Amino acid sequence: MPDCTACVRVAIRLKVNGLTHNPVLLTQTIETLSPRAGQTYVDCTAGLGGHAMAIAPKLGPQGLVILFDLDAKNLASAMANVRSIENAPRVEAIHASFAEVPHRLGAMKIQADLVLADLGFASNQVDDAERGLSFMRDGPLDMRLNPAARLTASELVNTLTEAQLINAIRQFGEDRSAPRIARAIVAARRVAPIQRTSQLAEVIRQAVPRAPSDTIDPATRTFQALRIMVNDELGNLDALLDAVGDAARAAHANRPTWLARGARVALIAFHSLEDRPVKQAFQAMTSTGVATEVGEQPRTATPDEAYANPRSRSAKLRVVQIA
Ligand SMILES: C[S@@+](CC[C@H](N)C(=O)[O-])C[C@H]1O[C@@H](n2cnc3c(N)ncnc32)[C@H](O)[C@@H]1O
């Protein structure tokens, strides 16, 4: 068993705006990626740098950490956090989607030994009402992880046709009440544009009253659907998975590519729309012999972590090693 007391210490020590930051499935990620001195680690979703801070000491000063994030503020925090550790490796930060990882690494002539994508949003983003990600906080109906991007949730809600809204809420929210919600949105926006998170949440709650047996707020799935669309989350994930598959085949055939032979790639998904494509892509790679699974698939939170960090309850970690 690798020594993961260091991971726990990093999790406890990492304070952001005075709050403790708990990277999800941290121990399992370190165990399965198994970082070694001198390796190159690509963190596709730097966030606040929680995972990167725990992995960086194992790479040492000869190692390299490359951080990607759509959110420039998070990227800057992650970079400062990783650089603050003792004997830090070299750190590069790239403000771009992880869909660009192969192209950016290729341009830098760098091969990755370790890759992690911890999908979705970070706790500081959802806690910030101004980002408009939460139906529990009133704010502008925005949802962009990259505030420089063009499309906002408000634009979608106020311009999609009723049929498009039904499809979106069904496909990306997996919500059976999609037709009722879409109809209510279209009726509400005829009166006034829907521009606030609380406005949209109220329209949905009126359309789909919460049954006593419901464990989640009726707005949950529509908010997920809008966030996925605004940030093209599934498109970016598909692009990354395709690139990993292509690189695995290239590495297996001894052709130069952005993943080193023996590289490990870890994905943490939080719902079935993310986990399904990861599982399928990794199975396609292992069944053709260009990669092998690392450990039990998927790895999930221990009861202790699930208790301490509710977000970890739905997290699934899958890891492959390029053959
Ligand atoms: C779950 S958080 C990562 C937390 C991080 N592992 C930590 O321990 O601090 C996800 C981060 O990924 C970023 N993100 C989401 N989609 C992205 C994409 N396509 N490309 C780059 N970053 C993305 C978000 O802005 C957010 O900061």
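Observations, loosely collected:
- Flag if Leu160 is at pLDDT 95 or above, out of contact with any strand residue (DSSP E or B) (no Cβ under 6 Å at 6 or more places or on another chain) and more than 16 Å from the ligand (Cβ to nearest atom): yes
- For the range 164-182, taking the residues that are within 16 Å of Ser154 (Cα to Cα) and in contact (Cβ under 8 Å) with a residue 40 or more places away in the chain, the one that is surrounded by the most Cβ atoms within 10 Å (Cβ to Cβ) is identified as Ile169.
- Checked against (1) loosely packed, with under 15 Cβ neighbours inside 10 Å; (2) away from the ligand (no atom under 16 Å from the Cβ); (3) under 28 Å from Asp118 (Cα atoms), Gly235 passes all but a single condition, namely (2).
- The number of residues in the range 213-232 that are buried (at least 23 other Cβ atoms within 10 Å of the Cβ) and of a type in the set (Asp, Glu) comes to 0.
- Annotation note: Cβ proximity below 7 Å between a residue of the range 285-313 that is among the polar types (S, T, N, Q) and a residue that is part of a helix (DSSP H, G or I) (sequence gap 6+ or interchain) occurs for Thr292/Thr286; Ser312/Glu305; Ser312/Ala306.
- Test: Ile185 is under 27 Å from the mean Cα position of the chain (by Cα), at pLDDT 95 or above and buried (at least 18 other Cβ atoms within 10 Å of the Cβ): no
- Enumeration of residues in the range 284-299 that are farther than 21 Å from Leu114 by Cβ and either at pLDDT below 95 or not small (Gly, Ala, Ser) (or both): Thr288
- Subset of the range 100-131 (residues that are within 14 Å of the ligand (Cβ to nearest atom) and on the phi > 0 side of the Ramachandran plot): Gly120
- Per the listing Leu237, Leu200, Leu165, the residue uniquely under 30 Å from Pro102 (Cβ atoms) and assigned to a helix (DSSP H, G or I) is Leu237.
- Residue match in the range 282-292 (condition: more than 18 Å from Arg249 (Cβ to Cβ) and surrounded by 15 or more Cβ atoms within 10 Å (Cβ to Cβ)): no
- Any hit, the range 256-272, residues being in a helix (DSSP H, G or I), within 16 Å of the ligand (Cβ to nearest atom) and under 30 Å from Val320 (Cα atoms): no
- Residue match in the range 278-290 (condition: in a helix (DSSP H, G or I) and β-branched (Val, Ile, Thr)): yes
The values are calculated or read from the model by the stated rules, or taken from the named source; none is laboratory data. As the structure is a computational prediction, the values presented were derived from the model and not from experiment. Note: ideal-geometry Cβ built from the backbone for every residue, glycine included; neighbour counts use all protein chains shown.
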